[in-house]
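Report on one structure; see the data block that follows.
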Amino acid sequence: MGTVLGAVLGTLVIILIEYGLIMSGVGAYIYNLVLGAVIIVVVILNNVIEQRRK
């Protein structure tokens, strides 16, 4: 189960990634690709951590 702090930190990480990609001048397609990949990796890591706790 998530927490408010976790949601805030997740939002900050996504914003930092967004600003970094914008500053580096990547296109919208690459931005969406990277953001999607980050979200998928985080979901997988979260599931692995939850499985190990059980």
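Using only the alpha-carbon atoms, how far is helix 28-53 inclined from the longest principal axis of the chain? Give it as 0 to 90 degrees, nearest 10.
Orientation of helix 28-53: about 10 degrees from the principal axis.
For helix 4-24, report the angle its Cα long axis makes with the longest principal axis of the Cα atoms of the chain; keep it between 0 and 90° and round to the nearest 10°.
Tilt relative to the chain: about 20 degrees.
How much length, in nm to one decimal, is gained on full extension between Ile15 and Ile49, taken as 0.36 nm per residue of separation minus their Cα-Cα distance?
Working it through step by step, the gained length comes to 9.8 nm.
Across every pair of different alpha-carbon atoms, what Kirkwood hydrodynamic radius in Å does the chain reach?
Evaluated on the chain, it is 12.5 Å.
Bear in mind that the values in this text are calculations on the coordinates, not laboratory data. What you see is a predicted model; the values in this text were computed from it and never measured.
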